[in-house]
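For reference, the structure is listed below as structure tokens.
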Amino acid sequence: MSIMVTMGDAYCFTKLNKPGEANKGCMLDGKLYPFGEIARTDNCFRCSCNKHSMGCCSLFHTPVSYDKENCKVVFNKEKCDYDVVQKSDPSKECFVYSRVG
């Protein structure tokens, strides 16, 4: 039996729009997102867009405590999360003791 503890909340940021910049939505990483709630951006953030700003929080948590000698961290864009796998056999997962957002 294993227990996974998540330390902290998701990483969040706010991007202020320049006057007149957000006429049709908000720009993030070169892509225009519509006003309102965005459940998932291309880069795995949940955002809220209005004509004044765009606020986003990550959908992933970064592993910080794991066997760093034998394991490596790989971002899985499909799952919007990090996989921690064995360096010698990436098909095998490693145990993660804690993550931060």
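The values are calculated or read from the model by the stated rules, or taken from the named source; none is laboratory data. Keep in mind the model is a prediction, meaning the values are calculated, not measured. Methodologically, a virtual Cβ is constructed for each residue, glycine included, from the backbone with ideal geometry; neighbour enumeration extends over all protein chains shown.
Go through Phe75, Phe60 for me and flag whichever is out of contact with any Gly (no Cβ under 9 Å at 6 or more places or on another chain) and among the hydrophobic types (A, V, I, L, M, F, W, C). From the options Phe75, Phe60, the qualifying one is Phe75.
For the stretch 76-101, taking the residues that are surrounded by 14 or more Cβ atoms within 10 Å (Cβ to Cβ) and under 24 Å from Thr41 (Cα atoms), the one that is farthest from the chain's Cα centre (by Cα) is identified as Val84. Testing Ser48 on (1) surrounded by 15 or more Cβ atoms within 10 Å (Cβ to Cβ); (2) outside any strand (DSSP E or B), one condition comes back false. Which one is that? Of (1) surrounded by 15 or more Cβ atoms within 10 Å (Cβ to Cβ); (2) outside any strand (DSSP E or B), only one is false for Ser48: (2). Among the residues examined, Ser58 does not qualify as surrounded by 13 or more Cβ atoms within 10 Å (Cβ to Cβ), modelled with pLDDT of 95 or more and on the phi < 0 side of the Ramachandran plot.
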